[in-house]
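Some notes on the structure that comes next.
Laboratory data are not the source of any read-out in this text; all were calculated from the coordinates shown. For clarity, every value in this text was computed on a predicted model and none was experimentally measured. Reconstructed Cβ throughout: ideal geometry from the backbone, glycine too, with neighbour counts over all protein chains shown.
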Amino acid sequence: MNEQQPTIQWFPGHMKKTERLIEKNLPYVDVVVELIDARVPYSSRNPLLGKLIGNKPRVVLLNKCDMADPNVTAKWLRWFQQQGIPAMAIDCRTGKNIKKFQPFVREVLKETIERRANKGMIGRIVRVMVVGVPNVGKSTFINKLAGSKRAKAEDRPGVTRGKQWVHIENDVDLLDMPGVLWPKFEDPQVGIHLAFTGAIKDDVIDLEYLAMQLLEYLAQHYPERLKERFKLEDTSDMEAYERLEAVGRKRGMLISGGEVNTERAAIVTLDEYRSGKLGCISWEEPSEETA
């Protein structure tokens, strides 16, 4: 979007520790469940994960699908199927497709379960490692399955710091791992997209720049959302900062001299997007280049 786009890096020491935790605990699980954000499926997939888990069976869950464009999510599900990766769209807030999770995993592990049954190991607990970037909804997912708040869940990244085993019904154990990002975002846009969704802490980001990027994308791809939510007319000819000012002016965010409080406008814009008030929006579509 902008050649002056800042590079976002976010790799605290505890995330390196999580990589080691994943490697150490892989031998004790039957399958790795990777939660990604349905709004940013490419950006919310850790490129190091494939190397970390090796040949271990993997399932991808596109969480927060009720906040993503359903047509785009359908494209991603087809793309994962083409890659030979079992994938399903879920929404932990509403509970959408949560009840389908266990049958889905058991189908993926069908051969493993049958081999165990042939050896007389009937009813053995299925152990599932749950991984994903910060704030993707891992703890909420586990709590939905467990039917109680057993895993910490907050709407901010970095809450889960240590592994947690949680037993759920039908002989399934879940291993909740802390959210993990990777040392460097090769594509700066990945950092921006993760920041949109709250996977990166706001205190390491220029929120006004982030809000301008969000509004610019809306103007290009979802212009009706700008008109509906912020009562703006055509903003296609506006500069990014002018668009942010227009939002603030419409909301009456004025300071002395009639200037717009663009910092406040940025915070409100991001909050309204993250809370779903701007509707179902996807930031990425699969392509031949998608890794």
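Amide H to amide H distances under 5 Å link Lys96 with Asp91, where only residues 5 or more positions off or on other chains count and H is placed in the peptide plane.
When the C-alpha to C-alpha distance is required to be over 20 Å, the pairs from Lys100/Lys277; Lys64/Lys144; Lys51/Lys144; Lys75/Lys227; Lys96/Lys144 that qualify are Lys100/Lys277; Lys51/Lys144; Lys75/Lys227. Using a simple spin-label model with points 7 Å from Cα along the Cα→Cβ vector, what separation in nm is obtained for Asp203 and Lys277? My value for the distance between the label points is 2.4 nm.
With the simple spin-label model, which puts each label point 7 Å out from Cα in the Cβ direction, the Asn25 to Glu228 separation comes to 4.0 nm.
Relative to one another, the C-alpha centroids of the stretch 37-105 and the stretch 223-283 are positioned 31 Å apart. Classify the stretch 206-274 from the C-alpha gyration tensor, please: rounded if a/c falls under 1.5, else prolate or oblate depending on whether a/b exceeds b/c. Prolate. Peptides 126-134, 211-219 ranked from most to least packed give 126-134, 211-219, packing being the mean of other C-beta atoms within 10 angstrom over each peptide's residues.
Ranked from highest to lowest mean number of other Cβ atoms within 10 Å per residue, what is the order of the peptides 27-33, 272-278? Could the numbers behind the result be given before it?
Values: 27-33: 17.9, 272-278: 15.1.
With the highest mean Cβ count within 10 Å placed first, the list reads 27-33, 272-278.
To the nearest 0.05, what FRET efficiency results for Glu263 and Glu285 with a Förster distance of 30 Å applied to their C-beta separation? Efficiency at R0 = 30 Å is approximately 0.40. Each peptide in 94-107, 190-203 was scored by the mean count of other Cβ atoms within 10 Å over its residues; highest first, the order is 190-203, 94-107.
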